[in-house]
Structures are given as structure tokens and as C-alpha cells.
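Student: Please find one structure pasted underneath; my questions will follow.
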Amino acid sequence: MGRTVVVLGGGISGLAASYHLSRAPCPPKVVLVEGSERLGGWIRSVRGPGDAIFELGPRGIRPAGALGARTLLLVSELGLDSEVLPVRGDHPAAQNRFLYVGGALHALPSGLRGLFRPSPPFSKPLFWAGLKELTTPRGKDPDETVHSFAQRRLGPEVASLAMDSLCRGVFAGNSRELSIRSCFPSLFQAEQTHRSVLLGLLLGAGRGPQVDSALIRRARAERWSQWSLRGGLETLPQALNTHLTSRGVRVLRGQPVCGLSLQAEGHWKVSLGDSSLEADHVVSAVPASVLSRLLPAQAAPLAHALSTIPAVSVAVVNLQYRGARLPVQGFGHLVPSSEDPGVLGIVYDSVAFPEQDGSPPGLRVTVMLGGSWLQTLEARGSVLSQELFRQQAQHAAATQLGLKEPPSHCLVHLHKNCIPQYTLGHWQKLEAATQFLASRRLPLTLAGASYEGVAVNDCIESGRQAAARVLGSEPNG
Ligand SMILES: Cc1cc2nc3c(=O)[nH]c(=O)nc-3n(C[C@H](O)[C@H](O)[C@H](O)COP(=O)(O)OP(=O)(O)OC[C@H]3O[C@@H](n4cnc5c(N)ncnc54)[C@H](O)[C@@H]3O)c2cc1C
């Protein structure tokens, strides 16, 4: 049919959009343009000594829910079933998560019985927070910070320890700034629909149509909490790239888009430095702040809305130790901001995925650094050396996990502006963008972590939905 769709950004969102466009019964011509030499965006896996795998970005994908199932379906369609490393429901990495508070690790209660037991660092059994939740009236505001929502419904301790840590773990963000409506839409909706988050989650669980496959059934039967791929998660973007090329998608790397202009006939001209591309439709899967700088003057209101979606940086420090043992077995621990402004948490990679420990095996952990500590350093223009992050991470591993010997291997990466922040009122920015696109009938569709979910599953879904809109099977927005 001769239509050309240009997809901006070869992270997982842009790859997923291209994948679904290329599989349409009558596919348009698809060109995927990536600014760097590598596809995958923040998904990056590197090999270390003895072939150990070190994830510099995401390290586990959740199989739960409709989006988790769709990602597993994609994995099967790409022929990666045999590469999947699951964390089964009875595994310590599925059952145990910890908070580091008051200089000690505390296991978060699991199961119904855990709710009735004293569970430090909380002063009372969490049953009492649940009782408060069930009896608290529905909030009236169209949005609220995560902290305020949690404090109102579950009490100050759950807000300042559990939800504060969760926001740091998922968004590297501040629960006092992040929006409950946009960061945890299921909690917000549960309150709106059922007046109680607990009731809403209980009554709403398992709803909605789901895709099905042998891998999805296996994940459900074995109650996987998350999964990775044998060679690291970067195997997924690599397999997508191979698939796209085989389907005739043109994949350009090392070609940063430097501008978009609207031609008289309603086409786009996509500028790539020395050359340009013509497009009937553009799917943007670059961060909102990047797109805001690429848009032409006619789209200034859209550019403004996008420019107000901020992002924060995270320093990821991968450490490997020879002959060391962890004091506890679990997925990892989170650290509330009141305990340490800079250490977001530590992931015990070797517990969840020992298959990636290399030969001879060495204990792998990843320290995530960020929060107000890093923001202050960035705002001051301080020198952010690898040595600073290495020291900070080793100190955290020594004090929080007792890993006092120097690591045998260490990787330090500062990911600048890697996690978008859905701050209070984020939904209004999305509404403004959607309305502008619809009213001007611009042939532009937005996808990616900047909008409706930062998890890999959310990003893949955003790409799928963008493709569906372009192909006309769903309304644009
Ligand atoms: C440290 C870290 C840990 C994480 N852990 C997890 C986890 O365990 N589980 C999970 O589900 N999620 C996790 N996430 C979140 C998830 O990995 C990301 O949200 C997701 O990978 C973002 O994908 P994306 O395609 O939307 O964006 P990106 O990965 O940012 O991709 C955007 C792409 O656009 C390209 N680009 C930028 N500007 C231009 C331009 N001008 N022209 C052309 N191309 C351009 C970039 O080079 C990049 O490749 C983590 C994220 C980080 C940073």
C-alpha cells in the first residue's frame, strides 16, 4: 500500500512497535531509526569473567497479568522459550524481599499469616494497616502523591517505609512527588471503583482477557515471580532485531534524529543530520524530553507538555565476589530514603539467576544508587566519577550485606535521565498531548517509558498499542 512509518528510537518500545507493524496482514514500509550503534536502549547485558552475565539495566521481567502474558507470547513467537530462566513461586527469590532499616535487614511479611505477626521495622502487625485501609473513605482528588495516598489509607509507617522504598525501587523516585494515579494505576483505580485498595485488588484480580500459550500456562502453573533469559535480557532486543530484518524492516543505527518537520501534504520529513526520510506516520519511542526538542514550531503546545515530563538518573554498580555468601536469600532489599538518601537498594542477582554466575561461579549483586543524593550532586555540577560510585556501592554491600572483601569484578555505569518520573498531575500532561494530536490530526503516535509505565512489559505494550493505532484498529491518541 506504499505507506511509510518511521519509528524513532530502538529501545524495547520502538522495537515492539516495529515488530507489530511488520506483522500486520498488509504491513506498511517500516524504518526504525536508532541514534546509538546498539539496539535495546536501557536493556543491556554484558559478559564478565567466566561468562558471568551482568545486567546494566533491567534484570527481571514479571510474567503476571495480561501484559506479562503478552511479553511471554512475544518471547515464544521469537523462538526464545528454551532461553527463559524462570524464578518459580517456591524459590527464595520469589518469596523473600527485604527492607534495610535501622542498620538491619527485615524480611517483608509474606502470606496471610505474616500479616498477623509482629513484623519489624513496622511497630504493629500489618493487619492493622489493612484494617485501616478497609475503613478509610474514598479520596476525592483527581490525583494525589503516592506518599499522601499511602499515608491516608495505610498509615504513616507503611507510607514512609514501604511505599517510599517501592517508589525508589521501581522509579528511583520520591514518593512525595510521584503520582499514585500514574505510577500505580491499579491502586488508584481500586480505590475509585471499590472504595478500598484491598477489596479492589481482591475482587479485580484475574480479570480481563488474556492471551494463551504453552509458556504462559507453564508460568502460571509454576507461579513464576519473574524471568530472565540465559544470555541476559538483551537477547530479547537482539532477537527482535533479527526478526525485523527478516521481515524487511529497515533498521538504521548510529543515526540520531535531529528534527521533524511537517510537509505540505501532511507528511513528515525526519532529519538525520546529512540525510532525511519521508514518513506518512511517525511513531515516537524516544524519551518525551527528546521528542519535545525534535518537534516543529506548529507542535509547540505538544512540545511544551512533553518537556514537563522529567526523568532521573541512576548509577548501576554490578559487583562480583569470589567465595562470598549472602546473609539472607531473597530477591534483594530496598532502602527507604530516611535510611540512606543515595542507596536505592541491592539486588541479589545470584539468588534469582544462579545460571548466570559464570564458571567458576561468583556471587553477583547490583547496587542501585540515585535518589536525592545523586540529584543534589548533579544539581551542584559535582564530578561524578566512577570511583565515587564504586566506593559508595562497595560500602553499601559491606555494611548492608557484610560483603567486606573487595569484589573480584566491578562495573560502574551512570545512566543519565534513565527513568521518567510520573509526578503529580502526569495524567493531565498525557491528556494535553492526546488532545493536541487528535485536534490537529497529526500523524504521530507516542510510545515508550515516558507515558504509561516504565516496566519492560509496559513498554512492549506501548509499542503494540502504537502499532495498532497506526494500523487503524484502535483510535489514535
Ligand atoms: C537501571 C534500570 C533498571 C531497570 N530495571 C527494570 C527491571 O528490572 N524490570 C523492568 O521491567 N524494567 C526495568 N527498568 C525499566 C525499563 O528497562 C525501561 O523503562 C525500558 O527499557 C525503556 O524502554 P524504552 O524503549 O521506552 O526507552 P529507551 O530504552 O530509553 O529507548 C529509547 C531509545 O531511543 C534512542 N534515542 C534517543 N534519542 C534519539 C534520537 N534523537 N534519535 C534516534 N534515537 C534516539 C536511545 O538511544 C534509545 O535506544 C529498568 C530501567 C533502568 C534504567
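The values are calculated or read from the model by the stated rules, or taken from the named source; none is laboratory data. Predicted model only: the values in this text are computed from it and were never measured. We place every Cβ from the backbone using ideal geometry, glycine too, and count neighbours over all the protein chains shown. SASA here: full protein model, heavy atoms, side chains in, ligands and nucleic acids out. Shrake-Rupley method; radii C 1.70, N 1.55, O 1.52, S 1.80 Å.
Student: What fraction of the DSSP beta bridges in region 1-122 is antiparallel, stated in percent and rounded to the nearest 5?
Tutor: 55 percent
Student: For residue 259, which sequence-distant residues (separation of 5 or more, or a different chain) have an amide H within less than 5 Å of its own amide H, given hydrogens modelled in the peptide plane?
Tutor: So residue 259 has HN proximity to 271.
Student: Which whole-number percent gives the relative contact order of region 381-477, counting Cα pairs below 8 Å spaced six or more residues apart?
Tutor: Details: 54 pairs, mean separation 19.1, N = 97.
The value is 20 percent.
Student: Order 265-273, 334-342 from most to least packed using the mean count of other Cβ atoms within 10 Å.
Tutor: Details: 265-273: 15.1, 334-342: 20.6.
Per-residue mean Cβ counts within 10 Å order the peptides as 334-342, 265-273.
Student: Would you check the chain for Lys pairs whose C-alpha atoms are within less than 25 Å, ignoring same-chain pairs closer than 8 in sequence, and give me the count?
Tutor: 5
Student: Same structure, new question: Which ³J(HN,Hα) values in Hz, rounded to whole numbers, follow from the phi angles of region 78-86 under the Karplus curve 6.51 cos²θ - 1.76 cosθ + 1.60, where θ = phi - 60° and Gly and Pro get x?
Tutor: Values per residue, Gly and Pro as x: 8, x, 9, 3, 6, 8, 6, 10, x Hz.
Student: When the helices in the chain are scored as -39500 (n - 2.57) per DSSP H run of 4 or longer and the sum is shared across all residues, what 222 nm value do you end up with, to the nearest 500 deg cm²/dmol?
Tutor: Result for the chain, helices only: -10500 deg cm²/dmol.
Student: Compute, for the chain, the length of the dipole vector about the Cα centre, with Cβ point charges of +1 (Lys, Arg) and -1 (Asp, Glu) only. Units Debye, rounded to 20. Please report the intermediate quantities before stating the final value.
Tutor: Values: 46 positive and 36 negative charges, 130 e Å.
Dipole magnitude for the chain comes out near 620 debye.
Student: Continuing with this model, one more query. Using label points projected 7 Å from each Cα along Cα→Cβ, tell me how many nm separate residue 395 and residue 38, to one decimal.
Tutor: Result: 2.9 nm between the two label points.
Student: Tally up the carbon and sulfur contribution to the accessible surface of region 334-403 as a whole percent, 1.4 Å probe, everything protein left in place.
Tutor: After summing per-atom areas, the C and S share lands at 54 percent.
Student: Quick one: Debye curve from the alpha-carbon atoms of the chain only, equal weights, vacuum; give me log10 I(q)/I(0) at q = 0.08, 0.12 Å⁻¹ to two decimals.
Tutor: -0.49, -1.16
Student: Follow-up. Using alpha carbon centroids, what distance separates region 9-45 and region 71-114, in Å?
Tutor: Taking the Cα centre of region 71-114 as reference, the centre of region 9-45 is 28 Å away.
Student: For region 303-313, take each phi angle, set θ = phi - 60°, evaluate the Karplus expression 6.51 cos²θ - 1.76 cosθ + 1.60, and give the result in whole Hz per residue in order, putting x for glycine and proline.
Tutor: Result, rounded to whole Hz: 4, 5, 4, 5, 5, 8, 8, x, 9, 10, 9.
Student: Can you work out the accessible area per residue across the chain, with the rest of the protein chains kept in place, probe 1.4 Å, in square angstrom?
Tutor: With the other protein chains kept in place, the chain gives 44 Å² per residue.
Student: Here is a further query. How long is the gain from residue 265 to residue 47 if the chain were fully straight, where each residue apart is worth 0.36 nm and the alpha carbon distance is subtracted? Don't skip to the answer; put the middle values down first.
Tutor: On the way: separation 218, 0.36 × 218 = 78.48 nm, distance 4.87 nm.
This chain segment gains 73.6 nm when fully extended.
Student: Can you give the net charge of the other residues whose Cβ lies under 14 Å from the Cβ of residue 221, counting K and R as +1 and D and E as -1?
Tutor: Here the charged neighbours net out to +2.
Student: To continue, here is another question. Nearest 5 is fine: what % of DSSP beta bridges in the chain come out antiparallel, could you say?
Tutor: 70 percent
Student: Also, quick follow-up: Size of region 158-303 along its principal axes in angstrom, Cα-based, largest extent first?
Tutor: Principal extents (largest minus smallest coordinate, Cα): 55, 40, 28 Å.
Student: Residues with amide H under 5 Å of residue 312's amide H, sequence separation 5 or more or different chain, H placed in the peptide plane at 1.01 Å from N; which?
Tutor: Here the answer is 418, 419, 421, since their amide H atoms fall under 5 Å of that of residue 312.
Student: Using the Karplus equation 6.51 cos²θ - 1.76 cosθ + 1.60 (θ = phi - 60°), what ³J(HN,Hα) coupling, rounded to whole Hz, does each residue of region 444-460 give in order, writing x for Gly and Pro?
Tutor: 9, 10, 9, 9, x, 5, 6, 10, 10, x, 9, 5, 3, 4, 4, 5, 5
Student: Right, something else. Counting only residues 5 or more places away or on other chains, whose amide H sits under 5 Å from the amide H of residue 57 once H atoms are built in the peptide plane?
Tutor: 44
Student: Could you compute the net charge surrounding residue 10? Neighbours are other residues with a C-beta less than 14 Å from the C-beta of residue 10; K and R count +1, D and E count -1. Mind showing how you got there, number by number?
Tutor: Values: positive: 38, 44, 250, 253; negative: 34, 37, 234.
Here the charged neighbours net out to +1.
Student: Could you work out how much longer the chain between residue 107 and residue 384 gets when fully extended? Use 0.36 nm per residue separation minus the Cα distance between them, nm to one decimal.
Tutor: The residue 107-residue 384 span can extend by a further 96.4 nm.
Student: Calculate, for residue 127 and residue 250, the FRET efficiency according to 1/(1 + (r/R0)^6) with r their C-beta to C-beta distance and R0 51 Å; round to the nearest 0.05.
Tutor: 0.30
Student: Given C-alpha coordinates of region 220-286, what is the ratio Rg to Rh with the Kirkwood estimate of Rh?
Tutor: 1.17
Student: Using a 10 Å cut-off on Cβ atoms, rank the peptides 82-89, 223-230, 107-114 from the highest mean neighbour count down.
Tutor: On the way: 82-89: 16.9, 223-230: 20.8, 107-114: 12.8.
The packing order, highest mean first, is 223-230, 82-89, 107-114.
Student: Please sort 71-78, 9-16 by packing, taking for each peptide the average over its residues of neighbouring beta carbons within 10 angstrom, highest first.
Tutor: 9-16, 71-78
Student: Need one number: nm distance between label points at residue 140 and residue 3, each 7 Å from Cα along Cα→Cβ, rounded to one decimal.
Tutor: 4.7 nm
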